[in-house]
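Participant: Please read through the structure below; I'll follow up with questions.
The values are calculated or read from the model by the stated rules, or taken from the named source; none is laboratory data. Only a predicted model underlies this, so the values are computations on that prediction, with no experimental measurement involved. A quick note on method: Cβ atoms are made from the backbone with ideal geometry, for glycine too, and the neighbour counts reach across all protein chains shown. To get the accessible areas, we keep the full protein, side chains included, count just its heavy atoms, and leave off ligands, DNA and RNA. Shrake-Rupley method; radii C 1.70, N 1.55, O 1.52, S 1.80 Å.
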Amino acid sequence: MKLRDDAVIKDSYQVVVVGSGLAGLTAAALLAKKGLDVLLLEHHYLPGGMCTTFRRQDISFDTGTALLFGFGEKGVNPHRFVMNELEEHTDIIQHKALLQIRFGDKIINFWPDLDRFLEELTAAFPAQETELQALYDYLYKIYTEIIARQQMIVPPTEIPQKDNMRVALKNPGALIQTLKMLTTPTEKILKKFITDSDLLAFFDKLTGAYCYCDISETPAILAATMFIDNHIGGAYYPARSPQVLSSTLEKALEKYGGQTLYRVTVEEIFIEKGSAKGVRLADGTIIGAEKIVANCTVWNLYGKLIKPRHIKPKKLKWAANLVPTYPSVVLYLGVDAEAIPEDTNPVVMVIEDKKGVNQGDVTCYISSIDDPSICPEGMHAMTVIGPSFDTWPDPFDEGYRKSKPYLEHKESEKERILDQLEKHFPGLRKHIRVMEAATPATIERYTLKNGGAVGGPKQAIGQEIMKRLHAKSEWKNLYFCGDSTTMGMGTPAVTVSGVGAANMVLRDLGMSEYQPHEKDGGYVHLVKGKFLEPLPDPSQPIDSKSAKRLARQCSYCEEPGCRKACPAGIDMSNVIRRIEAGNIIGAARTLRETNPLAEVCGHTCKPKPACEQNCNRLEFDKVPVRIADLQTWVCAEAGEQGWPVQKVEKSGIRVAVVGAGPAGLTGANFMARLGYDVHLFDKNEQPGGSLLVVKNKFVPKDAVQRDIAGIMKQGITFHSSELGKNLDPEALISDYKAVLLATGLNPIPGLDKAVKDTDNVFSAGSMVLGSCGVVNAVGDARKAAGAIDKYLKGND
């Protein structure tokens, strides 16, 4: 076991998942549900990859993903399948139209009803009415005879061979047609029907919007899926932001016993004799693994995480030569509601130049139209994405963000996009209240998407489905998922890849795989968007509903002032994000990864908690997030389930802790979790020390008892003995490999003589100069436990 600043982790796990994009989250959660011991590692401070949210002044901005498919009752619906398998309730809002394209002087709405959409498309291109009908009849036939014949929950490369054989024998013609359409460009199919150059250009833009490829590059099988399935399944927005979708997958992972670590960078996947053995983090930490699932780009895998010495030169060259999707610039705007006409579609694609993909193509996601709860009433939240073919600096160059050329380049891109938006939303500039921008360098810094190419390698002919990474790699025990694999980009595609990777792990372990089925567990709920409800009355007790509303006050800060101010270093922004997603168990466990007295501290820190006094919300509001109230509520609400659940193998090394107050309990907790045989000594008949006589009016006795009981269940042996009276200091120090003294400032007879010339005695709590209060004692004792662990491991 290892004690980190943010968690206690094991030396080795059954499964380590690298990357918490939707694919990695899906694989991790599904494997945890099967009872496997799973650790998820993520470079960012939030789960979800491009499916995340950040907040500015109470406005939730979609980082990248805002238009989601795959939730419908019909069609390709992996999101629905996964939520049902994980038994997680998810609220979604259906778009009335999939999107709107403003193509020159033509405005075309993509209605879910295919016939209605065709009427609108025909009205825009009346000379091609017959041809358009014939084209869509042909594509619909391909879709129904090939794509829709089986529920797609795993990539075709991961379907068991016997199932592939059964399908092939049942309909050999469909198999031949499928293989043919994999290498046939969409352009060839379209030109059999369409003669109008503007209409061909329209489809060119459409494939570019869906898969970042033009019609000459896009395999026809993808066109059949994109042009038909999206109408059958519909388009959706996760209620309260896409972050809730990612956080719900995280909730499932933690519910089934999985563990997550954020703000950690994996620098190497260890390969020994052709088999993956573990990972090395940037801070030098080594974590072993029986199986590794990598949700990473092919370019970050080949030659970086997997070192060149393990890769055949031909395969290394292949990876380097894969053509990426184009990079993007993203503008995030919080604007007055009056800036957006009432009949505006939530997703608007603006085409200025009809020829090919270019910087004149801009897609606006105005998610607050369908879900007004994501921003204050009277405002709209806009995420505006456009391609960028400029050269941008290395995002990990420390000086790049402050350099004058970079800032000027970023500013010019913002103005360019605003100029385009003004043509469609006149006067927009004067209504902007909040504005942020992300360049390709920004995107790479947060998501590790090379060069800011958000879609991985193009799904173009030559690097299409079968020629991409498969779930099972060429190395034993190493598996891949994400947009570099068979299915490519898009939330349904990467979700399918995550199920595929999970199934490959299960197959190799001889365990039952996830199978397609017709049963719908009813965990996906269609809801209507509504305005954010008022804050609850602070005089009333918090319940599960009001807790979620209070949690929405948090801005998910990258550099949270609350954490910096907390002596125990609690990651409250990630705790509160979990509360918002209804992840009560995960929130409580996250608290207790750094503070086993979390419920008590939430009370003792009142009435003016340092975390709340340093809440970043105070930069724009008079009242901070109710951090302490949420902390105490979630601990009590989670109960016994709110404690970390790792199974710890005892090392047999005995350590003693003298003093069972806050510092002693904390030190004992962490050393027990590290696998030591911990003996806790106190002059009282029960552990608790000053907590048992605390006179702070804010601290309920049952909160004290809950925290103490949770700590003692970590496998700690308690002794009612007093050091210097019926417990001899010299005997204690000689009998135990290490001793932690947490006895306060009272002198102990014989102690000075006993500790002379010894190096195995440590101290924590009020004996440490400048410490005071329960939360300070917790912070001191955690550091002391880390020092003891380092000392003992150095002696092994």
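Participant: Condition first: basic (Lys, Arg) and surrounded by fewer than 22 Cβ atoms within 10 Å (Cβ to Cβ). Can you find one or more residues in region 446-463 that meet it? So that I can check it myself, show each step before the final result.
Facilitator: Taking region 446-463 and keeping what is basic (Lys, Arg), we get 449, 458.
This time we only want the ones that are surrounded by fewer than 22 Cβ atoms within 10 Å (Cβ to Cβ), so: none.
For region 446-463, residues basic (Lys, Arg) and surrounded by fewer than 22 Cβ atoms within 10 Å (Cβ to Cβ): absent.
Participant: Okay, moving on. Is there any pair linking a residue in region 658-683 that is over 18 Å from Gly765 (Cα atoms) to one that is open to solvent by 10 Å² or more (accessible area, probe 1.4 Å) and in a helix (DSSP H, G or I), with Cβ under 7 Å and at least six apart or on different chains, and which?
Facilitator: Leu674/Asp789
Participant: Taking region 59-80 as the region of interest, how many residues are more than 16 Å from the chain's Cα centre (by Cα) and open to solvent by 10 Å² or more (accessible area, probe 1.4 Å)?
Facilitator: Number of matching residues: 8.
Participant: Got a number for residues in region 310-326 being modelled with pLDDT under 95 and open to solvent by less than 10 Å² (accessible area, probe 1.4 Å)?
Facilitator: Qualifying residue count for the region: 1.
Participant: So, of the residues in region 427-445 that are open to solvent by less than 30 Å² (accessible area, probe 1.4 Å) and in a strand (DSSP E or B), which turns out to be farthest from Cys296 (Cα to Cα)?
Facilitator: Here the answer is Val434.
Participant: Does any residue of region 338-346 turn out to be over 29 Å from His43 (Cβ atoms) and part of a helix (DSSP H, G or I)? Can you show your working first?
Facilitator: Taking region 338-346 first, the residues over 29 Å from His43 (Cβ atoms) are 338-346.
Filter again for part of a helix (DSSP H, G or I), leaving 338-339.
Within region 338-346, one or more residues are over 29 Å from His43 (Cβ atoms) and part of a helix (DSSP H, G or I).
Participant: Among the residues of region 611-620, write down those that are without any contact (Cβ under 8 Å) to a residue 60 or more places away in the chain and open to solvent by less than 50 Å² (accessible area, probe 1.4 Å).
Facilitator: If the condition is that a residue be without any contact (Cβ under 8 Å) to a residue 60 or more places away in the chain and open to solvent by less than 50 Å² (accessible area, probe 1.4 Å), then Cys611, Glu612, Cys615 are the ones that fit.
Participant: Then there's this: From Leu46, Leu25, Leu40, which residue is within 26 Å of Gly500 (Cα to Cα), in a strand (DSSP E or B), open to solvent by less than 30 Å² (accessible area, probe 1.4 Å) and modelled with pLDDT of 95 or more?
Facilitator: On the way: Leu46 fails: in a strand (DSSP E or B); Leu25 fails: in a strand (DSSP E or B).
Going through Leu46, Leu25, Leu40 in turn, just one is within 26 Å of Gly500 (Cα to Cα), in a strand (DSSP E or B), open to solvent by less than 30 Å² (accessible area, probe 1.4 Å) and modelled with pLDDT of 95 or more: Leu40.
Participant: Filter region 484-505 down to residues that are modelled with pLDDT under 95 and under 18 Å from Ala66 (Cα atoms), then give me how many there are.
Facilitator: 6
Participant: Condition test on Ser539, is it hydroxyl-bearing (Ser, Thr, Tyr), surrounded by fewer than 21 Cβ atoms within 10 Å (Cβ to Cβ) and either under 30 Å from His380 (Cα atoms) or touching a residue at least 40 places away in the same chain (Cβ under 8 Å) (or both)? I'd like the intermediate steps shown before the answer.
Facilitator: Details: hydroxyl-bearing (Ser, Thr, Tyr): yes; surrounded by fewer than 21 Cβ atoms within 10 Å (Cβ to Cβ): yes; either under 30 Å from His380 (Cα atoms) or touching a residue at least 40 places away in the same chain (Cβ under 8 Å) (or both): no.
For Ser539, the condition - hydroxyl-bearing (Ser, Thr, Tyr), surrounded by fewer than 21 Cβ atoms within 10 Å (Cβ to Cβ) and either under 30 Å from His380 (Cα atoms) or touching a residue at least 40 places away in the same chain (Cβ under 8 Å) (or both) - is not met.
Participant: Restricting attention to region 205-221, which residues are open to solvent by less than 30 Å² (accessible area, probe 1.4 Å) and assigned to a helix (DSSP H, G or I)?
Facilitator: If the condition is that a residue be open to solvent by less than 30 Å² (accessible area, probe 1.4 Å) and assigned to a helix (DSSP H, G or I), then Lys205, Leu206, Thr207, Gly208, Cys211, Ala220, Ile221 are the ones that fit.
Participant: Across region 240-279, which residue is farthest from the chain's Cα centre (by Cα) among those that are open to solvent by 20 Å² or more (accessible area, probe 1.4 Å) and of a type in the set (Gly, Ala, Ser)?
Facilitator: Result: Gly274.
Participant: Write out, first by first residue and then by second, each pair whose Cβ atoms fall under 9 Å of each other, whose residues are 6+ apart or on separate chains, and whose first residue, in region 109-120, is under 7 Å from Ala97 (Cα atoms) while the second is of a type in the set (Lys, Arg) and part of a helix (DSSP H, G or I).
Facilitator: Going by the 9 Å Cβ cut-off, the qualifying pairs are Asn109/Arg116.
Participant: Does region 349-372 hold any residues that are open to solvent by less than 10 Å² (accessible area, probe 1.4 Å), in contact with a Leu (Cβ under 8 Å, 6 or more places away or on another chain) and modelled with pLDDT of 95 or more, and which are they?
Facilitator: Cys364
Participant: Can I ask one more? Name every residue in region 644-693 that is more than 39 Å from the chain's Cα centre (by Cα) and among the acidic types (Asp, Glu), in order of residue number.
Facilitator: Asp682, Glu685
Participant: Still on this structure: Out of curiosity, is Glu85 in a helix (DSSP H, G or I) and at pLDDT 95 or above? Talk me through it step by step, then tell me what you get.
Facilitator: On the way: in a helix (DSSP H, G or I): yes; at pLDDT 95 or above: yes.
Yes.
Participant: Only one of (1) open to solvent by 30 Å² or more (accessible area, probe 1.4 Å); (2) within 30 Å of Thr90 (Cα to Cα) fails for Ala547. Which number is that?
Facilitator: (1)
Participant: Please enumerate the residues belonging to region 121-155 that are in contact (Cβ under 8 Å) with a residue 60 or more places away in the chain, closer than 21 Å to Glu464 by Cβ and in a helix (DSSP H, G or I).
Facilitator: Result: Leu139, Ile142, Tyr143, Ile146, Ile147.
Participant: Against the condition under 26 Å from Gly378 (Cβ atoms), touching a strand residue (DSSP E or B) at 6+ places or on another chain (Cβ under 6 Å) and either open to solvent by 40 Å² or more (accessible area, probe 1.4 Å) or in contact (Cβ under 8 Å) with a residue 24 or more places away in the chain (or both), how does Val329 come out, does it pass? If you could, list the steps in order and put the result at the bottom.
Facilitator: Numbers: under 26 Å from Gly378 (Cβ atoms): no; touching a strand residue (DSSP E or B) at 6+ places or on another chain (Cβ under 6 Å): yes; either open to solvent by 40 Å² or more (accessible area, probe 1.4 Å) or in contact (Cβ under 8 Å) with a residue 24 or more places away in the chain (or both): yes.
Taking the combined requirement at face value, the residue does not satisfy it.
Participant: Right, next: Pick from Val645, Val658: which is open to solvent by less than 50 Å² (accessible area, probe 1.4 Å), of a type in the set (Val, Ile, Thr) and touching a Gly at 6+ places or on another chain (Cβ under 8 Å)? Even if it seems obvious, please write down each step before you answer.
Facilitator: Working: Val645 fails: open to solvent by less than 50 Å² (accessible area, probe 1.4 Å).
Residue meeting the stated conditions: Val658.
Participant: In region 479-525, how many are part of a strand (DSSP E or B) and surrounded by fewer than 22 Cβ atoms within 10 Å (Cβ to Cβ)?
Facilitator: Going through region 479-525, the residues part of a strand (DSSP E or B) turn out to be 479-480, 485, 524-525.
From the residues that got through so far, the ones that are surrounded by fewer than 22 Cβ atoms within 10 Å (Cβ to Cβ) too are 525.
Of the residues in that region, 1 qualify.
Participant: Still on this model: Restricting attention to region 735-754, which residues are surrounded by fewer than 16 Cβ atoms within 10 Å (Cβ to Cβ) and at pLDDT 90 or above?
Facilitator: Asp735
Participant: Just one of Asn583, Asn595 is within 15 Å of the chain's Cα centre (by Cα), polar (S, T, N, Q) and closer than 22 Å to Gly257 by Cβ; which is it?
Facilitator: The conditions single out Asn583.
Participant: Can you tell me which of Ala66, Ala97 is among the small types (Gly, Ala, Ser), touching a Phe, Trp or Tyr at 6+ places or on another chain (Cβ under 6 Å) and over 22 Å from Gly488 (Cα atoms)? Don't jump to the end; show me each part of the working.
Facilitator: On the way: Ala66 fails: over 22 Å from Gly488 (Cα atoms).
Selected residue: Ala97, the only one of Ala66, Ala97 that is among the small types (Gly, Ala, Ser), touching a Phe, Trp or Tyr at 6+ places or on another chain (Cβ under 6 Å) and over 22 Å from Gly488 (Cα atoms).
Participant: Would you mind telling me which numbered condition in (1) small (Gly, Ala, Ser); (2) at pLDDT 95 or above; (3) open to solvent by less than 10 Å² (accessible area, probe 1.4 Å) Gly602 fails?
Facilitator: (2)
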